[in-house]
1. I need the Debye-formula profile for the chain: one equal scatterer per C-alpha, no solvent, reported as log10 I(q)/I(0) at q = 0.11, 0.15, 0.16 1/Å, two decimals.
2. Choose one of GLN266, GLY110, LEU240: the residue whose Cα lies farthest towards the positive end of the charge dipole of the chain (beta-carbon charges +1 Lys, Arg; -1 Asp, Glu; about the Cα centre).
3. Along its principal axes, what span do the Cα atoms of segment 1-79 show, with the longest given first and each in whole Å?
4. In whole Hz and in residue order, list the ³J(HN,Hα) couplings for segment 17-30 that follow from phi through the Karplus curve 6.51 cos²θ - 1.76 cosθ + 1.60, θ = phi - 60°; x for Gly and Pro.
5. Pop out the ³J(HN,Hα) list for segment 56-64 in order, Karplus 6.51 cos²θ - 1.76 cosθ + 1.60 with θ = phi - 60°, rounded to Hz; leave Gly and Pro as x.
6. Find, among the trypsin sites (Lys or Arg not before Pro) in segment 138-179, those assigned to loop by DSSP (not H, G, I, E, B) with at most 11 other beta-carbon atoms within 10 angstrom.
7. Can you give the angle from 0 to 90° between the axis of helix 107-118 and the longest principal axis of the chain, with both taken from C-alpha atoms, to the nearest 10?
8. For segment 193-286, what is the Kirkwood estimate of the hydrodynamic radius, computed as the reciprocal of the mean inverse distance between distinct Cα atoms, to one decimal in Å?
Amino acid sequence: MTRPVGTLRSAIIGFPVAHSRSPLIHNYWLAQHGIDGSYDRMEVAPDAIEAFLANFEASGLIGANVTVPHKEAAFRAAVEHDPVALALGAVNTLWLEDGRLLGANTDVHGFLANLDAAEPEWDRALDEAVVLGAGGAARAIVYGLLSRGAGRVTVANRTRARAEALQAQFGDRVLPVDWRDMPGRLNGNRLLVNTTSLGMKGQPPLDIDLSSLSPDAVVTDAVYVPLQTPLLAVAKARGLKTVDGLGMLLHQAVPSFERWFGVRPQVTPELRELAIADLKAKGQLS
Ligand code: ATR
């Protein structure tokens, strides 16, 4: 594989992309490992993304992350995919190899590695899990839970058809349920995952009765602004284990960085504190 000389340039491509915390993460690791590299934000509009990706080499980037709404376009543009990207039809990591654009999906790794780091026992005898929401984040998370052997993943979504689409994609271990029936489906469950935007700063809280969850259940939220969402606060008050969503963001960056720069970076407490300080400085966390 031929490597360009000079600064190795990477970026996150999205629309919008100004809010992305990924530059902070990757530039921290670049400095930590003394790598002559850069990681920028690149806003590419939906009507320009296909041409941009078709001509990726002209961008001067060695690789890139891709975020909303371009993950499916990145999937179509890549000529080869890792198994997770193939299963999801979505790519969040691109890189060039001998002039060919290749794609992977590290969102599933981010979700699983975050839980592994925070609650190592979380997937022991994981009979049933409940996922709230059925968007892109839920698709990655449902796939991840099935890959770890979950016997059944109940998906509750306001728009039931989207939960049914996940069942159609992943099979009968996925059980779609109506949003209003969800409280009755928590019975004895050991894992509850929120992927909806409820609880995010500026959105209504996710207000559900957690009393029927198993006493050793883990509750986790893909939302990380605020870090402690109303859902996590209620779970904590009940004595349940909670895992916030910031770790998912940090961990999904690991395989991308390793792919581009050849070093597997660590998610350290220092990096987490840096991300929190940045969110506070931008007025997103108090
Ligand atoms: P992502 O790709 O980040 O998962 P998304 O596709 O916009 O984002 O999905 C957001 C999720 O939050 C969806 O499951 C959405 O439900 P719908 O599929 O019915 O839109 C859910 N959501 C957003 N606002 C909600 C609300 N007020 N009540 C319940 N669910 C809500």
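1. Ignoring solvent entirely, the Cα scatterers give -0.65, -1.17, -1.30.
2. It is LEU240.
3. 36, 31, 16
4. Once θ is set to phi - 60°, the couplings for segment 17-30 become 9, 4, 7, 5, 8, 4, x, 4, 5, 5, 5, 4, 5, 4 Hz.
5. Using θ = phi - 60°, the values come out as 3, 4, 5, 6, x, 7, 7, x, 7 Hz.
6. Counting only loop positions with at most 11 other Cβ atoms within 10 Å, none of the trypsin sites (Lys or Arg not before Pro) in segment 138-179 qualifies.
7. 60
8. For segment 193-286, the Kirkwood estimate is 14.6 Å.
The values are calculated or read from the model by the stated rules, or taken from the named source; none is laboratory data. What you are looking at is a predicted structure, and each value in this text was computed from that prediction instead of being measured. All Cβ positions, even for glycine, are placed from backbone atoms using ideal geometry, and neighbour counts span all protein chains on display. For the accessible areas, the whole protein counts, side chains as well, though only heavy atoms, and no ligand, DNA or RNA atoms are used. Shrake-Rupley method; radii C 1.70, N 1.55, O 1.52, S 1.80 Å.
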